[in-house]
């Protein structure tokens, strides 16, 4: 079969070797470079100074990875480092997809404490595959730098927003307290309650007025009794003088009693609305107490937010540190061109023999006595090889054609005579 199909086999092998050389020479080597980042825990225990950044490190790093793989971020890196500038036919979206496939970010979970998984990442590996060794190192390092910067900025922004929120809430509560105090002052002024606890003060004043009026009544009775005890046997001028003094004293006591009674009547009129005033004052006190309790709670949370913000500003919280910086790779990760050419040549040889075998199957001819016995079960008596000359000239072919024509003509003549 090899001798019969030697031309086909050599043609396929030569054509395959040429295609293998072209395939090997057109292939571009790929270089890979990785940078390893460690996720360090806060330097201060959470029990002493708790950070306000919530969520696991795995979730935060996932959000950062989504930001890094966004179209704008990838386009900026492509423009900065001139990635895929040699591929002029590629569109910007295709370059972005190629860069997404060329850069991988893998995280290693930290060891569990007990049976619960808190989603903490201990090591983050950023790997870049590029056609140039230096470019692979630069891209991996750039992604690592952006990851560290985004992580720090994300934590600072979160703590700053938390602190600003509680500061705003505290200011709102303070404004509400000031507005309530102004409303209470207006209500006191409208109801003549300038003194704290005015209703109680007026009730005590009424009691004092009652005691004073009672004392004046006793004095009036005493004066009237003294008037009845005047000695009428004395001189008329003396009796008149004593009566005049008693009348003056009685008039004074009466006027004082009338003044005190008028004051008591006015106080009683103002105290008649005391239940409504008491309810209004109680409502003011209740609202003020609620605002003060709310202010204390917000102030405590604002202090915690301030501590968390100070931790992040001072780089005392969770942070990313490089433990293995990206290096320029020494060798490509793809197969060498020599190996590719050898593999292509071997594949071409195998394909050539397969094609030759398929051609043999298309023309199943018995070519030997052993094949005859194997295929039909009959052992041939004589095996005559083909005696065709290796080289036949045009003159010999013409002579063979004349003999064949003469033989056919003789057969035709014999047939005519018999008929």
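Couple of notes before you dig in:
- The condition (being at pLDDT 80 or above and farther than 30 Å from residue 226 by Cα) is satisfied by just one residue among 296, 276, 269: 296.
- Elements of type helices (runs of 4 or more DSSP H) in the range 50-115, at least 3 residues being modelled with pLDDT under 85 and in contact with a strand residue (DSSP E or B) (Cβ under 8 Å, 6 or more places away or on another chain): 57-68
- Listed conditions (1) in contact with a strand residue (DSSP E or B) (Cβ under 8 Å, 6 or more places away or on another chain); (2) not in a strand (DSSP E or B) are all met by residue 322, apart from (2).
- Only listed residue being modelled with pLDDT under 85 and buried (at least 17 other Cβ atoms within 10 Å of the Cβ), chosen from 127, 186, 159, 147: 159
- Selection status of residue 400, more than 30 Å from residue 121 (Cβ to Cβ), surrounded by 10 or more Cβ atoms within 10 Å (Cβ to Cβ), modelled with pLDDT under 70 and out of contact with any strand residue (DSSP E or B) (no Cβ under 9 Å at 6 or more places or on another chain): yes
- Residue among 216, 209 that is assigned to a helix (DSSP H, G or I), within 27 Å of residue 245 (Cβ to Cβ) and modelled with pLDDT of 75 or more: 216
- Residue in the range 314-323 that is over 30 Å from residue 168 (Cα atoms) and at pLDDT below 80 present: yes
- Failed item in (1) assigned to a helix (DSSP H, G or I); (2) at pLDDT below 85; (3) touching a helix residue (DSSP H, G or I) at 6+ places or on another chain (Cβ under 9 Å), with residue 142 passing the rest: (2)
The values are calculated or read from the model by the stated rules, or taken from the named source; none is laboratory data. In this text, all values refer to a predicted model and were calculated from it rather than measured experimentally. Every residue, glycine among them, receives a Cβ derived from its backbone with ideal geometry; neighbour counts consider all protein chains shown.
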